[in-house]
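Just below is one structure, and these are the notes that go with it.
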């Protein structure tokens, strides 16, 4: 191998090594962010869980019963705190994680590509928070009310009426683990569905779809929204509608934004 060829190999491998070092540095920062946030969240895990459980507390009090949760395994609450701390740590550090990803990717982009991509980076956490907030404040209380409506023989009026005779009582005693899983599932489903405009706009900018194409498939999107809502929410028609309608609205908003911001093929 000639000296010139060896020099070309060294020059080509140097940038790759620099990129790998830069990637390692960004990954170390990301892991550090998550670990620090996890430690803080684990310390406040009980307060965070109480916040997530507040809709259940409100519904229970409204039904005239004392809000109570259980755990059947000695280790359940400990692992629930770990899971909860990890989920919250990822959500809290997401802007910082995204910034590290942006700092790694941005130098390889043209200036116009940076300007096009930056709004999506900013919109993603905002839409995520809006979706999770809608699930927490609107959908979850109604879903818990629906589930607790299946209790039998619970309540002061029923107890007084049946005081003199034996009766079956069926009441809800949710486990802390199952409650966390269902709550996180609902909040994540809404947060994920609110990312629809970001996904559609990115695909439109990449040339994979157009506003007219989305408009033509409107009826399929409506069907898909209700199917998605059926699988991601409790078997409560109100909860399913409350998820499907925002998805349909975001779909229509995406079509409008694409028409206003992206030049359509027929205009070229």
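Just so you know, all these numbers are worked out from the coordinates, no wet-lab data involved. All values reported here derive from a predicted model rather than from experimental measurement. Neighbour counts run over all protein chains shown; Cβ positions are idealised from the backbone, glycine included.
A few notes on this one:
- Computed over the chain, the percent of Cα pairs more than 34 Å apart is 41.
- Site pair residue 257 and residue 21 shows an inter-label distance of 3.9 nm when each label is modelled 7 Å from Cα along Cα→Cβ.
- Rounded to the nearest 500, the helix-only mean residue ellipticity at 222 nm of the chain stands at -25500 deg cm²/dmol, with each DSSP H run of n ≥ 4 adding -39,500 (n - 2.57).
- Normalised by the number of residues in region 1-130, the average gap of Cα pairs under 8 Å and 6 or more apart makes the relative contact order 35 percent.
- Cβ-to-Cβ counts within 10 Å put 181, 193 in ascending order as 181, 193, the fewest first.
- Residue-normalised convex hull volume from the C-alpha trace of region 1-130: 148 Å³ per residue.
- Relative packing of 213-223, 229-239, which averages over residues the other C-beta atoms within 10 Å, highest first: 229-239, 213-223
- Peptides 23-33, 83-93, 37-47, 110-120 ranked from most to least packed, by the mean per-residue count of other Cβ atoms within 10 Å: 83-93, 37-47, 23-33, 110-120.
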